[in-house]
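Structure, as structure tokens:
The values are calculated or read from the model by the stated rules, or taken from the named source; none is laboratory data. Computed from a predicted structure; not experimentally measured. Counting neighbours? That spans all protein chains shown, and the Cβs are built from the backbone with ideal geometry, glycine included. These accessible areas exclude ligands, DNA and RNA; they are computed on the full protein's heavy atoms, side chains included. Shrake-Rupley method; radii C 1.70, N 1.55, O 1.52, S 1.80 Å.
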Amino acid sequence: MQIESIKIADLVPYEHNPRINDKAVGKLLNSIKEFGFINPIVIDKDNVIIAGHTRLKAAKKLKLEEVPCIRAAGLTDEQVKAFRLADNKLAELSEWDMELLEQELAEIVDIDMADFGFPDLDMEESAPPMYNSETKIPQYEVQGDDVTLQMLCDHCKHDELVERIEGSDVPEDIKEFLKMAATRHYVFNYKYIAEYYAQAPKDVQELMEDSALVIIDYEDAIAKGYVELSKTLQELTENEE
């Protein structure tokens, strides 16, 4: 099967791709930088991607102009759809032999496998006790994407509800109360917020932290009332101090 070098600008992502792959882009980017673009993108006769959307995103971030591709010729439209799904699903069915995996990782000294999503064995060996003051806060890996303010919040449901309230016949004081309650329907996209925060000026970052849009320091979050410790965890924290 022949490998073609195709310009990234000529590749067409499949518009109905059901795979959400954003979290894998950073790790794959590290893999390409370390090992090169070894795994070609699979495309159809019209350069539409069959398998390799994550590879394309990583290549764009690396500002590559061309990538290796394999053209899957001779497949019907139905076979292309089936292969696209099967290619992703089959990987989910595999499991690790943890003992053999640890042996393999232990023999890799000069390459940081944490860059590709593998656990740090040294960190695991020095794992903290079962109960400690660590706070589990969702982590969002900054990808460097261009993000606008409009992308940070979905206010469609809020606006629709406010319009209904304004058009109702209820008293004005009730309308004002209901409009305040409608603010609960703002939906914040914290992934995009993390991207915006990372690129924002210092004064904007501080205001975003004070607004609890991002949590950088859990102790500060507790002090401001954004995170509440259980009594047991609070005692452990005090003992650590």
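If you check every pair at least six apart or on different chains, which have Cβ atoms under 9 Å apart with a residue in the range 106-119 that is of a type in the set (Val, Ile, Thr) first and a residue that is part of a helix (DSSP H, G or I) and surrounded by fewer than 14 Cβ atoms within 10 Å (Cβ to Cβ) second?
Cβ pairs passing all conditions: Ile111/Glu34.
Residue check: is Asp122 open to solvent by 70 Å² or more (accessible area, probe 1.4 Å), more than 30 Å from Asn189 (Cβ to Cβ) and modelled with pLDDT of 80 or more?
no
Hey, can you tell me all the residues within the range 91-119 that are open to solvent by 70 Å² or more (accessible area, probe 1.4 Å) and assigned to a loop (DSSP other than H, G, I, E, B)?
Leu93, Ser94, Glu95, Trp96, Asp97, Glu107, Val109, Asp110, Asp112
Do we find that Lys27 is in a helix (DSSP H, G or I) and under 22 Å from Asn189 (Cβ atoms) in this structure?
Criteria met by Lys27.
So which residues in the range 177-212 are in contact (Cβ under 8 Å) with a residue 40 or more places away in the chain and either among the aromatic types (Phe, Trp, Tyr) or over 16 Å from Cys153 (Cα atoms) (or both)?
Passing the criteria: Tyr190, Tyr192, Tyr196, Ala198, Gln199.
Identify, please: which residue in the range 2-30 is open to solvent by less than 30 Å² (accessible area, probe 1.4 Å) and touching a residue at least 60 places away in the same chain (Cβ under 8 Å) and is, among those, nearest to Phe116 (Cα to Cα)?
Among them, the one singled out is Gly26.
Quick one: how many residues across the range 35-54 are open to solvent by 20 Å² or more (accessible area, probe 1.4 Å) and assigned to a strand (DSSP E or B)?
The qualifying residues number 2.
Restricting attention to the range 55-82, which residues are surrounded by 14 or more Cβ atoms within 10 Å (Cβ to Cβ), without any contact (Cβ under 8 Å) to a residue 40 or more places away in the chain and in a helix (DSSP H, G or I)?
Arg55, Lys57, Ala58, Val80, Lys81
So the check is Cβ under 8 Å with 6+ separation or different chains; which pairs have a first residue in the range 149-173 that's farther than 23 Å from Tyr196 by Cα and a second one that's modelled with pLDDT of 90 or more and among the small types (Gly, Ala, Ser)?
Leu161/Ala182; Val162/Ala182; Ile165/Ala182
Quick one: Asp87 ticks every box in (1) touching an Asp or Glu at 6+ places or on another chain (Cβ under 9 Å); (2) at pLDDT below 90; (3) surrounded by 13 or more Cβ atoms within 10 Å (Cβ to Cβ) except a single one, so which number is it?
(1)
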